[in-house]
Amino acid sequence: MRTIEIPELALVALIGASGSSKSTLARGHFLPTEVLSSDFFRGLVSDDENDQTCTHDAFDALYYMLEKRLARGKLTVVDATNVRAEDRKRLIEHARKYHGFAVAIVVNTPEKTCQERNSHRSDRAFGRHVVRNQILDLKRGLRGLERGPRISFRPYQRFPLSRYLRRSNLSKCRNMGIQI
């Protein structure tokens, strides 16, 4: 696995099914102020992080904050499933608008593990088909991620992700040929 240099002006998209450990990864490797979580924004607009009826409003607020952070040149991590290509397309457009880099971190956790984790969470009361569909969307969407910088890993392999992520200044990334 190669090391990904992440410049300060970057949008990092965490990609994975519900229960894949995206939020755990975000808490362990990024500042709390750098992470924009779709669950958190659902909570902001409805007082319930699991209220799927407010998803549209939650993402409006998330994208508003994303633009403000990228306009200030801040590294920003989007913690959402992002398993569909159309979801990631909007993120890439925002990164380009602010001349930032887009980096994908694919949290490739097996469906069985995701299902088991979700079964232990009282706040995740949705059918097993939801995770199954997210995994299928992820597998279909991985082909489109081959061009840009990305890390694909399985959290249960017990290796430190920090070994593969490194903060870098913008000029160093340009010299390495990293582009969105």
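Suppose the filter is surrounded by 15 or more Cβ atoms within 10 Å (Cβ to Cβ) and either modelled with pLDDT of 90 or more or within 14 Å of the chain's Cα centre (by Cα) (or both); does R88 pass it? Answer is yes for this residue. Residues that are of a type in the set (A, V, I, L, M) and loosely packed, with under 15 Cβ neighbours inside 10 Å within the stretch 91-103 are absent altogether. Select from the stretch 55-114 the residues that are under 23 Å from L31 (Cβ atoms) and of a type in the set (V, I, T) and list them in ascending order. Of everything in the stretch 55-114, those that are under 23 Å from L31 (Cβ atoms) and of a type in the set (V, I, T) turn out to be T76, V77, V78, T81, I92, V103, I105, V106, V107. Of all residues in the stretch 9-38, those that are closer than 22 Å to H94 by Cα and at pLDDT below 90 have Cβ atoms under 6 Å from Cβ atoms of residues that are among the small types (G, A, S) and surrounded by fewer than 21 Cβ atoms within 10 Å (Cβ to Cβ), 6 or more apart or on another chain, in L9/G73.
The values are calculated or read from the model by the stated rules, or taken from the named source; none is laboratory data. Not measured: the values here are computed from a predicted model. Positions of Cβ are backbone-derived with ideal geometry, glycine not excepted, and every protein chain shown enters the neighbour counts.
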